[in-house]
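Below is one structure, written out as structure tokens; the observations come after it.
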Amino acid sequence: MSWLAEYVRPKIRTWLGRRDVPDNLWTQCPNCQQMLFSRDLERNLKVCTSCGFHLRPGAAERLAYTFDGFDPDGGTPGAFTRIELPRAPLDPLRFRDSKKYVDRLKEARERTGLDDAILVAHGSIGGHRAVVAAMAFEFMAGSMGAAVGEAIVAAARLAVLQGAPLIVFTASGGARTQEGAISLMQMPRTTIAAGMVKGAGLPFITVLTDPTTGGVTASFAMLGDIQIAEPGALIGFAGARVIEQTVREKLPDGFQRAEYLHEHGILDMVVKREDMNATLARLIGLLTRPHAESAAA
Ligand SMILES: [Zn+2]
């Protein structure tokens, strides 16, 4: 080992005190390249304070932003109760590419502290009871395997049980390759889950965040009674390059972005992150009022 590595680096670490200087003090905005003070970025719900670009929060942060009681200045998360999700079979196909699937899962679990690519919680939004499922892009690109399918079904059951709307924040690269046909089976399963909520006369609202693609787009993500997206979110089934090669045509600017899809009638609304709680509260109020009144009558 060199003198630099052996002596100088540990010394510098000692002087600086490793804990006092986190390496994530600054974050660069991927859109305008501005260096942002991470604490300001957190306070601004991971939206660039310079250009308004919506960065990707983790699933836990998403829950914290969505429920009532969230105070970014005081660092207080919204109040919610997470539910334990059903266990899915681990690596049913004994899949291996350059790495074993079980090792990929283990690594993702250690890195994120999550069991799989989704969290489900219940609490209130604008005073209305609500069940929220948040997909975790940070866990194997939010890919949908049996665990995510099970979680969506569990969330739908909970919504029906509570007589509450189900809101799903999607963030996904699509089906989980390592689970083969089992991951594809989650498309009809989650479609049925959405149907359960609607069948009970409860609102099913999807919020499509960056990115929402593949099998998730092709199933429950597009079945919302109201389809919302965050600004700039990439939403599509196949990638733009694949489509261009297939249709042999140049695609329009902003194709597969939230704003373009909103203009073309695929989405109902594009809502900024800071307005999401209030917008969801208003929608739930509008969509559930008749039930509340008939219950009171
Ligand atoms: Zn920016």
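A few points about this structure:
- Working note: Cα atoms of region 203-297, range along each principal axis, descending, whole Å: 60, 25, 18.
- 1.4 Å probe accessible area per residue over the chain, in Å²: 53
- Positive-end residue, the chain charge dipole about Cα centroid, Cβ charges, pick of 95, 112, 70: 95
- Largest GNM mean-square fluctuation among 258, 151, 200, using the chain with Cα springs under 10 Å: 200.
- Farthest positive-ward along region 155-297 dipole, Cα basis, beta-carbon charges - from 180, 267, 207: 180
- Average projection, convex hull of the Cα set of region 16-119: 9.9 square nanometres.
- A dipole drawn for the chain from +1 and -1 charges on Cβ atoms has a positive end, and of 60, 192, 141 the residue lying farthest that way is 141.
- 5 angstrom amide H check on residue 36, placed H, neighbours 5+ away: 27, 28, 29
- Taking Cα centre as origin and charging only the Cβ of basic (Lys, Arg, +1) and acidic (Asp, Glu, -1) residues, the dipole magnitude of the chain rounds to 740 debye.
- Here the relative contact order of the chain, from alpha carbon pairs under 8 Å that lie six or more residues apart, stands at 13 percent.
- Between 153, 242, 131, the residue with the greatest mean-square fluctuation in the GNM of the chain (Cα pairs under 10 Å linked by springs) is 242.
- Equivalent ellipsoid semi-axes, region 174-223, via Cα gyration tensor eigenvalues times 5, rooted, Å: 21, 14, 6
- For the chain, modelled as a GNM whose springs connect Cα atoms under 10 angstrom apart, the maximal fluctuation among 253, 225, 103 occurs at 253.
- Angle of helix 180-199 to the longest C-alpha principal axis of the chain, folded into 0 to 90 degrees and rounded to 10: 40°.
- Rh (Kirkwood; distinct C-alpha pairs) - the chain, Å: 20.7
- Percent carbon-and-sulfur accessible area, region 89-140, ignoring ligands, DNA and RNA, probe 1.4 Å: 48
The values are calculated or read from the model by the stated rules, or taken from the named source; none is laboratory data. Bear in mind that the values here come from a model prediction, so they are computed numbers and not experimental data. So basically every Cβ, Gly included, is an ideal-geometry build from the backbone, and we count neighbours across all protein chains shown. Surface areas here come from the heavy atoms of the whole protein model, side chains and all, with no ligands, DNA or RNA. Shrake-Rupley method; radii C 1.70, N 1.55, O 1.52, S 1.80 Å.
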